[in-house]
Amino acid sequence: MTKFSGNKPLVKKQSGRPRVLVAPLDWGLGHATRCIPVIYELLRQNADVWLAGENAQESLLREAFPSLPFIPLQGYRVKYSHSGSGLWRAIFRQLPRIWQTIRQENKWLKQAVNEYEFDAVISDNRFGLSHPSIPCVFITHQLFVKSPLGKWTESRIQRTNYRFINKFSECWVPDIKNGNNLAGELSHPSALPRIPVLYTGILSRLQRNNEHTQKNHLFISLSGPEPQRTIWENKIIQEIAHYPGTATIARGLPDAAKLIPSTNDIRFFNHLPADNYGQEMSKAEWVISRSGYSTVMDIAMLGKKAILVPTPGQPEQEYLGEYLSAKGFAPALTQKDFSLAKALELANRFNYQPWENTSATGLTEAVSSLLNKIKEKNNLKPDQDATALG
């Protein structure tokens, strides 16, 4: 039997409260951070929320929701290459193990549904968490997956992607449905999956605040899978040593014990809780980060001026860097060409266009619809006032 992390006892199911499992992918922290507003909305609409994951994702979610039940669930544990050009070769070598993990998590879910009586599952990019007997939601902003190997490969990847997605009940896309959107053709491909696709709006754990911007203050967010996160961190450490201003550097390591020494001007944090992360980002004159989509949503939510440095060899981030630069959202610079002086010079010349559409009303409607489907399936009265909850 699967046991809770922390040896928490089995929580008795409450009548009338749909029990929903939320499980993010372990590819960096972004999948877990963008699940946070989803979890808050589920709780606001009176769902009984349970969480699953491991390692850094578990640390982050348990910090945000210490009272929620947590079940250990092995991640995909994908490893990057040291060079950007070797990324796809590294991933292809890991495909047999990834397929095995998908099969294992599907088997795990069937056992978990029987044991814990889940009424629904929300999976952020975990392909194996679909179940034929209950509503299952797949969250992704990558309906179209970029590949450095050309259009034919992209077409094959999309077919495989949709084959998995179509096993779910519906797909939630964290972007704006029409007009000015953040993910471009990644979230708005020419052909959609067969299942219903709902655009939730931006999913960020942060909220705009009145924090005063400090001149010459940088907020640098390090994130992503290893070893590229550490390679990026080492380059930042070399560059920041010569910076005449101040900086806060979030390392993206919520379960790390070893610290990097800070000074009065340059402060390192292994991890920052959402409130502190938002405060530090808000007061920065410039944000320097990867072009990972969850970080991009955080930047958009706070309306900050950013400099994007895509993870080498990751086509999604390279595309977002180019796309968002062309839209006037933020300039992009390759890691190979990065220097702090060059990045700040580029930012000072860039014509930033303010991002105003931070609404996530689609999430409220999507959660309400999901919970009402569960109640109808269980012969309970749907909550007609769910979308009006304050």
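Per-structure values
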quantity	calculated
Filter result for F164 (among the hydrophobic types (A, V, I, L, M, F, W, C), surrounded by 22 or more Cβ atoms within 10 Å (Cβ to Cβ), under 22 Å from the mean Cα position of the chain (by Cα) and farther than 25 Å from P310 by Cα)	no
Contacts under 8 angstrom Cβ, first residue in the stretch 79-103 being at pLDDT 75 or above, partner loosely packed, with under 12 Cβ neighbours inside 10 Å and part of a helix (DSSP H, G or I), 6 or more apart	none
Selection within the stretch 325-355 - closer than 27 Å to I176 by Cβ, small (G, A, S) and out of contact with any strand residue (DSSP E or B) (no Cβ under 7 Å at 6 or more places or on another chain)	A326, G328
Residue in the stretch 93-102 that is farther than 22 Å from G28 by Cα and not assigned by TED's automatic domain parsing to the domain that holds P227 present	no
Checklist (1) in contact (Cβ under 8 Å) with a residue 60 or more places away in the chain; (2) over 19 Å from the mean Cα position of the chain (by Cα); (3) in the same structural domain as I237 (by TED's automatic domain parsing) applied to T334, failing item	(1)
Sole exception among (1) among the hydroxyl-bearing types (S, T, Y); (2) closer than 27 Å to K304 by Cα; (3) surrounded by fewer than 17 Cβ atoms within 10 Å (Cβ to Cβ) for S204, by number	(3)
The stretch 16-41, subset assigned to a loop (DSSP other than H, G, I, E, B) and touching a strand residue (DSSP E or B) at 6+ places or on another chain (Cβ under 8 Å), residue surrounded by the most Cβ atoms within 10 Å (Cβ to Cβ)	P18
Residue match in the stretch 262-278 (condition: β-branched (V, I, T), touching a residue at least 60 places away in the same chain (Cβ under 8 Å) and surrounded by fewer than 21 Cβ atoms within 10 Å (Cβ to Cβ))	no
The stretch 188-209: number of residues that are outside the structural domain of F138 (by TED's automatic domain parsing) and without any contact (Cβ under 8 Å) to a residue 60 or more places away in the chain	0
Residue within the stretch 362-379 that is surrounded by fewer than 19 Cβ atoms within 10 Å (Cβ to Cβ), over 12 Å from A120 (Cβ atoms) and either in contact with a strand residue (DSSP E or B) (Cβ under 8 Å, 6 or more places away or on another chain) or modelled with pLDDT of 95 or more (or both) present	yes
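For (1) over 23 Å from the mean Cα position of the chain (by Cα); (2) surrounded by 14 or more Cβ atoms within 10 Å (Cβ to Cβ); (3) β-branched (V, I, T), each residue gets a yes or a no:
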position	(1), (2), (3)
V197	no, yes, yes
K215	yes, no, no
I220	no, yes, yes
S223	no, yes, no
P244	yes, no, no
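The values are calculated or read from the model by the stated rules, or taken from the named source; none is laboratory data. Please read all numbers here as calculations on a predicted model, not as lab measurements. Counting neighbours? That spans all protein chains shown, and the Cβs are built from the backbone with ideal geometry, glycine included.
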